[in-house]
Amino acid sequence: MDVLLLRLDAPLMAFGAVAVDSEGFTASFPCRSMLVGLFGNALGYDHADDERLARLQERLRYAVRLDRAGSRVVDFQTVDL
């Protein structure tokens, strides 16, 4: 089995979780689709390469280890759509 170890470390990181109505939530770890987007970008895939990204997502198995729990920061978004 081939393994790629990624260490995500930054002063501020946010991983989106399931959104309900207009309420967005933050997860403690990245979801599969975020990793597929990251790897697809590194492989040169375009956002419109649906088939290639779907194949990559089907093959991706991942595990998460939380070495250091962060603290949640609440911000106020003022974007007017």
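The values are calculated or read from the model by the stated rules, or taken from the named source; none is laboratory data. Computed from a predicted structure; not experimentally measured. With ideal geometry, Cβ positions are generated from the backbone for all residues, glycine too; neighbour counts draw on all protein chains shown.
Worth a mention:
- Each residue in the range 21-59 was checked for being of a type in the set (A, V, I, L, M, F, W, C), within 26 Å of Leu5 (Cβ to Cβ) and outside any helix (DSSP H, G or I), and 4 of them qualify.
- Lone qualifier among Gly70, Gly16, Gly37 - being at pLDDT below 85 and in contact with a helix residue (DSSP H, G or I) (Cβ under 9 Å, 6 or more places away or on another chain): Gly16
- Check on Tyr62, in contact with a helix residue (DSSP H, G or I) (Cβ under 8 Å, 6 or more places away or on another chain), at pLDDT 85 or above, farther than 19 Å from Leu5 by Cβ and assigned to a loop (DSSP other than H, G, I, E, B): no
- Residue match in the range 41-50 (condition: at positive phi and without any contact (Cβ under 8 Å) to a residue 40 or more places away in the chain): yes
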